[in-house]
Amino acid sequence: RDPPPSVAVTEVGQRAPICVVVPVYGARESVLRCAVALISTVDHAVDSVIFVNDCGPDADAIERDILKVIAAQPSFSYARNARNLGFVGTCNRAALELAPPGFDLLLLNSDAIPTAGWMDELAAVLAHSPRHGVVCARSDNATIASLPFRLRNPSQARSRQRTAEVHSALVDTLPQFSVTPVAMGFCFLVRRSLVVQFGLFDEAFAPGYGEENDFCLRMRDQGYLSVMAHRALVFHEVGQSFPSPQRVRLRSRHERLLRVRHPEYPTLVQRYLHADIDAVDAFADCLVLPHGETPRILIAVGEHSVGRAELIASLEGRAQLSVLGAPADAVGVDRVPDSLGNRVWDLCVLVGDVP
């Protein structure tokens, strides 16, 4: 659907200035890494950055450190809440009270590390269409925005180095953007006219978790799209905002609330991951083979296949083998269940009467 005519939108192709809002609670070292990265990757002549201190346990010490780092940056500013408002409250205050008028709003987690060119890519994707309402970047740790998303070896962690390697190799092959069910909240560029018209986050999701998904789905009902900018890369440390036990409780409670409000959400995510995702994105971990690794081969064998044992034996030592439908006595192979999940392989070999 087209945006409602009552909502002013930036003309297609025109890049509006952006105000980056960084809510700060704790994790001092992460905050300072984020600040240093912003100084080197923001267009100081066009955009602005606001750090908003949400009065965590080390609020005074973090305040001193932030002010010291940004002291020589005229486009950077600092604010402090009078009391702890939580992530949702801090973002809403920044959007409605602190960000300069006419600037699009980019909410950035304080444990995020942007890389060169990230804001230009995000801004270009937002300006690509008046229907683009929210844009997020790719990352090493951001659920469906993670690159590579599907892993050849799920037992290995997705490292920052691996993400950078894959992104560098595929950045010109990936499309500029993909429409997604929601945008990931760690790096969340919002068209300012949407905030003016509809507000930002619902306080029902305070102090945090799930608020960005609710916003995206509400904007979807208004005819606006959530979009992933594949060529913008922002690393994400994850889990710095809330202590682990609190994080688990909040996530569980707010996921239930999301399902009640937006029962279509799980279906939208599954449709994206299994039908709409770009092929280069889906097979990224195979297209850029890690240095020194042998190929991973999936062998799908039927119950009465002839020659399966000989095939497996011929490949042992030359590849890492996974077998779908392996006999119970098979040794030296990874026996794969019928549900393949999100794994990918470099090659699949079908043997015999495979349905």
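The values are calculated or read from the model by the stated rules, or taken from the named source; none is laboratory data. Owing to the predicted nature of the structure, the values given are computational and were not obtained by experimental measurement. When we count neighbours, we look across all protein chains shown, and the Cβ atoms used for this are built from the backbone with ideal geometry, even at glycine. Heavy atoms of the whole protein, side chains included, go into the accessibility calculation; ligands, DNA and RNA do not. Shrake-Rupley method; radii C 1.70, N 1.55, O 1.52, S 1.80 Å.
Residues that are β-branched (Val, Ile, Thr) and within 19 Å of GLU237 (Cα to Cα) were ranked within segment 27-51; the one that is most open to solvent (accessible area, probe 1.4 Å) is VAL36. For segment 180-197, residues that are part of a helix (DSSP H, G or I) and farther than 16 Å from VAL20 by Cβ total 4.
Checking each residue in segment 198-239 for being in a loop (DSSP other than H, G, I, E, B), open to solvent by less than 30 Å² (accessible area, probe 1.4 Å) and among the aromatic types (Phe, Trp, Tyr) picks out PHE201, TYR224. Restricting ALA145, ALA164, ALA137 to residues that are of a type in the set (A, V, I, L, M), within 30 Å of GLU293 (Cα to Cα) and in contact with a Lys or Arg (Cβ under 8 Å, 6 or more places away or on another chain) narrows the list to ALA145. Residue check: SER110 meets all listed conditions (1) under 27 Å from GLN161 (Cα atoms); (2) over 26 Å from the mean Cα position of the chain (by Cα) but one, namely (2).
Filtered by the rule that a residue be modelled with pLDDT of 90 or more, touching a Leu at 6+ places or on another chain (Cβ under 9 Å) and not in a helix (DSSP H, G or I), segment 240-273 gives HIS262, GLU264. Highlighted here are the strands (runs of 3 or more DSSP E) found entirely within segment 53-163 that include at least 3 residues which are open to solvent by less than 10 Å² (accessible area, probe 1.4 Å) and of a type outside the set (S, T, N, Q): 104-108, 132-138.
Being farther than 26 Å from VAL182 by Cβ and modelled with pLDDT of 85 or more: is that true of ASP346 here? So ASP346 passes the test.
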